[in-house]
Amino acid sequence: MGDSLDFWRVEEIEPGHLLRLRAEMRLPGLAWLEMYAEPDGQGRARYRQRALFHPHGFLGHAYWWSVSPFHAVVFGGMAGNIARAAAGLPSRRERRPRRRARGGSR
């Protein structure tokens, strides 16, 4: 606990179950990112994550409502890549075929 990861700090960890990161960036409030795994009753695990934000005043609320639409894209992609990595599958970025460059000599 207490280790830093980019602009996040590990606030709580339960090996094999929970990782809670606290944002260390300047925000009009307090922010956390939680990632956890739960057994699904069929011998597998279900990955879940959530972003938590405790706004400070009007600016905090305005900030949260302005960035929340982007969270679905950013965190959704992150969740998918984590689940694929846990299953041993390539990420979306690794699966994309490379495009041939247009123009130039052939």
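Every read-out reported here was derived from the displayed coordinates using simple, explicitly stated rules and does not represent laboratory data. As the structure is a prediction and not an experimental result, all values here were calculated from the model. All Cβ positions, even for glycine, are placed from backbone atoms using ideal geometry, and neighbour counts span all protein chains on display.
Summary table
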| read-out | value |
| --- | --- |
| Cβ-based net charge around H17, under 14 Å, with every Lys or Arg adding one and every Asp or Glu removing one | -2 |
| Square roots of five times the Cα gyration tensor eigenvalues for region 4-88, Å | 27, 15, 11 |
| Largest to smallest principal axis extent of the C-alpha atoms in region 24-72, angstrom | 45, 21, 15 |
